[in-house]
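The values are calculated or read from the model by the stated rules, or taken from the named source; none is laboratory data. Only a predicted model underlies this, so the values are computations on that prediction, with no experimental measurement involved. As a convention, Cβ positions derive from the backbone with ideal geometry for all residues, glycine included, and neighbour counts pool all protein chains shown.
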Amino acid sequence: PPVIRREDYLPPAWLVPEVALDFRLGLDATHVTAKLSVNRNAAGNGASTLRLNGDQIAPLAVRVDGKDVNDWRLDGSDLLVELSGDTHVVEVETALNPATNSQLMGLYASGGMLCTQCEAEGFRRITFFPDRPDVLSTYTVRMSGPKAQFPILLANGNCTASGDGEDGAHWAEWHDPWPKPSYLFALVAGDLVANAAHFTTMGGRKVDLNIWVRPGDEDRTQHAMDSLINSMKWDEEAFGREYDLDLFNIVAVSDYNMGAMENKGLNIFNTRYVLADPETATDGDYDAVEGVIGHEYFHNWSGNRVTCRDWFQLSLKEGFTVLRDQLFSADMGSEAVKRIEDVRVLRIAQFPEDSGPLAHPIRPDSYQEISNFYTATVYNKGAEVIRMMRTMAGVERFRQGTDLYFDRHDGEAATCEDFVKAIEDGAGLDLAQFRLWYSQAGTPQVAAQLVHNGTQAVLTLTQSVPATPGQPEKQAMPIPLRVALFDRETGTHSGEQLIVFDKASDTFTFDGFAHPPVLSINRGFSAPVAIEFERDSADLVFLAAHDDDPFARYEAMQGLVVQHLVAAVSGKLDDAARDEGRAAIGAAYGAVIADPALDDLMRGELMILPAETYLAEQLAVSDPGAIHAEREALKAWLGRELAGPLKVLHDRAVAVPYSREAAARGARKIKTQALVLIASGDPAEGARRAFAQYNAADNMTDRQGALMVLASLDAPERETALADFHDRYEGNALVIDKWFSLQAGALNPKVLEHIAALAKHPDFTMTNPNRVRALYMAAAVNPRAFHDESGEGYRMIGDLIRRLDPINAQTAARFVPSLGRWRRIEPVRAAMMRAELERIAAMPELSRDVREQVSKSLG
Ligand code: HT7
Ligand code: ZN
């Protein structure tokens, strides 16, 4: 497949200021007429050939300025039309079958409705068009279809006219006044009901808000509506951004490849990020709804009003919008907890990407299939990079930078460079060297050493950015580190400092320390780097108890466990050292459980053990079996050692009644965490408590938590509870997804058998991405299943990729990176993982999506 390179960017030869689309809708036959007003681009190459991208479509008719033409050509799947003048109207007709569109890109059918997904390159599956983000057009859309089947007809912008046609048909016309690229086009037709509300903007615009769902689901939309209203208000206050249409529609769809899509004025969402009520959604689900609603809404400015010049600039909109949704969620709840959660996601999902065969900079240099670049690197590391600029500038100056960015580039297709320049100019920062964060892949490793000399503490830092595919050599990058030095006796520090470490090696001197201080570094995770700092458990225990930065406190707890488990799996612990390490961890856990000054949401964060993928990241080559065994052994030890306090904690949490208030959410969080540890230490007691929690549950957080614990146990209560859960929620797709993933993610010795049986269950289908992910993504991240020493787990994921690829290539490709980690895994398992990749590569027909990921993983 051809490689698309960033350096080859050329402006479009033709612009399309206006588009008129006419859809005659049918589930298995939709007819599309697209009328494009095209202008020769003065900044283009002057070509007389108009190239219109297409994918899996054929032109039924082509007209230029109202006259049929026959001299068009196909180049691959693109349509080429010769034009003599500078301005023309080009009309193309196409026919689609949405019902057979299992890729869920372009126009497709889902549960009897029709909807679209155009980002990144789906519009070309609907009609021929210059399907690139730097071609901005105003859209007028007419659609008609059977009223009984599609009572609601929606598109971007405002509805300008509607009426009834013949034979039970009806029609609607929509116009979007804001020029937009084709990836933001959307259309929905179906039997939908709305939760309707209003929002008045800071400028006095009254906006109608609708959340459209299938009849029967409307009672589960209030949290999404509240989140939308909060997002609109927050963006005005935090970034000065006001909504710019009189209508904002959100539609929930159950067959969806990703989370949601920010189409102008018509966001389309995976149902899982819209529907929530206490009976069916966990506290985590509620948070995810709030975050994704905010994310898509914030794109109205960071993505839509200012869009991307080309797909290499994806992080311009995604990294910035992730940062905006993170700041929003932090303001809606606990800033400290949100920061910890975001860093945990980065370490679990992005660090492995940065250290594996698919590593790429946040602004990639090349791609074969752009869908493969909707990654944790572009999104989450992209957000961290912009967050560092905010840390260096301070909140107010950063805001001056973003104001300048929005003013300067409103209505344009911009680049990451435009963003950095605007922050540089608006915030008054010199970001010359900082731009390396956009071009270099890999997680910087920062080694720290602290020496005490008289009254001085001297911090020596050394950085290195590991080699990544195509980037053997790296330059030093500016790394903003928030640091504080604690007095051991008083447990306090005399002020935090921000140091910007921008050389391969440097020293920083701090005065006024009569005794060696305790270093707290990268507080708040001010830079997305790995800090290597050898230190005593005692210092970590000190910081876990005393650090006034909540993230640093969490980090100290994590460090304590990571240091111990890495030594254990590396065979560096004798019995005495193991006892000593466990004693320190037990003491720190005991203190966290007992600390009356902690709120339970934060207590819950401090109690989370480091993930196995993060532990594996600490080792050049790891044995996942050993990591799992050591981590489980520590869990069991903690469960036994702290049995008394954990039971008290669980009992206290059980007594707190359900509400959405922070205290009650905190109680639910620690309830299940206590249960997990109790069950590890004493499975019979765990089963008894979990079954009681399951039966008493009046909300999904408690019920799911209890069922998760039971699913991992070999206890009679397991089958009873699983059967009850399925009966209770039969017909509710999102909850049945939980039923699949709880079992596939369980640390149960028979988990592979269970997964095989679940794949044959009548509720399982390969055509619904949520269901596929529920079963197989849960399995791919479950070390018991995926890394089973038989290799069965690898075989299962390899088979899945092969079978899913022709149905839904995007979803199939998302499973490849788990196998692609083989170089970092011990040799016996590595050989089996590689063999699976080779089996996939040998398939005669493979999508571009899977082919790119597999060949890079083998390469
Ligand atoms: N901007 C959206 C991207 C997206 C997408 C990309 C490829 C295939 C399907 C997709 N659905 C949505 C999501 C976001 O807001 O980041
Ligand atoms: Zn986004």
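Contact map, segment 291-303: first residue free of Cβ contacts under 8 Å to residues at least 40 places away in the same chain and farther than 9 Å from residue 231 by Cβ, second residue part of a loop (DSSP other than H, G, I, E, B) and near ligand 1 (Cβ under 10 Å from one of its atoms), Cβ cut-off under 6 Å, separation 6 or more or different chains; pairs are 292/259; 299/262. Restricting segment 265-285 to residues that are within 12 Å of ligand 1 (Cβ to nearest atom) and either crowded, with 24+ Cβ neighbours inside 10 Å or modelled with pLDDT under 95 (or both), which is farthest from residue 813 (Cα to Cα)? So, considering only residues that are within 12 Å of ligand 1 (Cβ to nearest atom) and either crowded, with 24+ Cβ neighbours inside 10 Å or modelled with pLDDT under 95 (or both), the one farthest from residue 813 (Cα to Cα) is 267.
For the subset of segment 301-343 comprising residues that are of a type in the set (S, T, N, Q), buried (at least 24 other Cβ atoms within 10 Å of the Cβ) and within 11 Å of ligand 2 (Cβ to nearest atom), which member is nearest to residue 259 (Cα to Cα)? Taking the candidates together, the pick is 321. For segment 286-293, check the following and say yes or no: at least one residue is more than 15 Å from ligand 1 (Cβ to nearest atom) and surrounded by fewer than 23 Cβ atoms within 10 Å (Cβ to Cβ). Yes, segment 286-293 contains a residue that is more than 15 Å from ligand 1 (Cβ to nearest atom) and surrounded by fewer than 23 Cβ atoms within 10 Å (Cβ to Cβ). Residues in segment 94-150 that are among the aromatic types (Phe, Trp, Tyr) and either out of contact with any strand residue (DSSP E or B) (no Cβ under 9 Å at 6 or more places or on another chain) or more than 16 Å from ligand 1 (Cβ to nearest atom) (or both): 128, 129, 139, 150. The condition (being over 24 Å from the mean Cα position of the chain (by Cα), at pLDDT 95 or above and closer than 30 Å to residue 119 by Cβ) is satisfied by just one residue among 771, 802, 814: 802. Just one of the listed residues (782, 770, 748) is under 19 Å from residue 803 (Cα atoms) and either of a type in the set (Lys, Arg) or in contact (Cβ under 8 Å) with a residue 12 or more places away in the chain (or both), namely 770.
Surrounded by fewer than 23 Cβ atoms within 10 Å (Cβ to Cβ) and touching a strand residue (DSSP E or B) at 6+ places or on another chain (Cβ under 9 Å): does that describe residue 366? Judged against the criteria, residue 366 is a match. Summed over segment 223-257, residues that are more than 16 Å from ligand 2 (Cβ to nearest atom) and in a helix (DSSP H, G or I) total 12.
Can you confirm whether residue 144 is small (Gly, Ala, Ser) and either buried (at least 17 other Cβ atoms within 10 Å of the Cβ) or at pLDDT below 95 (or both)? So residue 144 passes the test. Within segment 589-626, the set of residues being assigned to a helix (DSSP H, G or I) and among the β-branched types (Val, Ile, Thr) comprises 592, 593, 613. A count restricted to segment 258-297 and to residues that are of a type in the set (Asp, Glu) and within 16 Å of ligand 2 (Cβ to nearest atom) stands at 3. Taking only pairs six or more apart or across chains, which ones have beta-carbon atoms under 6 Å, a first residue in segment 314-335 that is without any contact (Cβ under 8 Å) to a residue 40 or more places away in the chain, and a second residue that is away from ligand 2 (no atom under 14 Å from the Cβ)? Partner pairs satisfying both residue conditions: 330/338. With respect to the conditions (1) over 22 Å from residue 295 (Cβ atoms); (2) surrounded by 23 or more Cβ atoms within 10 Å (Cβ to Cβ), residue 402 falls short on a single one, namely (1). The residues of segment 456-495 that are on the phi > 0 side of the Ramachandran plot and under 29 Å from the mean Cα position of the chain (by Cα) amount to a single one, 470. Applying the criterion of at least 3 residues that are closer than 29 Å to residue 584 by Cβ to the strands (runs of 3 or more DSSP E) found wholly in segment 460-536 leaves 479-486, 518-521, 530-532.
Taking the criterion of being surrounded by fewer than 20 Cβ atoms within 10 Å (Cβ to Cβ), small (Gly, Ala, Ser) and on the phi < 0 side of the Ramachandran plot, the residues of segment 164-193 that qualify are 165, 169. The residues listed here are 842, 780, 830; of these, the one that is in contact with a Phe, Trp or Tyr (Cβ under 7 Å, 6 or more places away or on another chain) and surrounded by fewer than 18 Cβ atoms within 10 Å (Cβ to Cβ) is 830. Could you tell me which of the residues 447, 393 is more than 28 Å from residue 132 (Cβ to Cβ), surrounded by fewer than 20 Cβ atoms within 10 Å (Cβ to Cβ) and hydrophobic (A, V, I, L, M, F, W, C)? Among 447, 393, only 447 is more than 28 Å from residue 132 (Cβ to Cβ), surrounded by fewer than 20 Cβ atoms within 10 Å (Cβ to Cβ) and hydrophobic (A, V, I, L, M, F, W, C).
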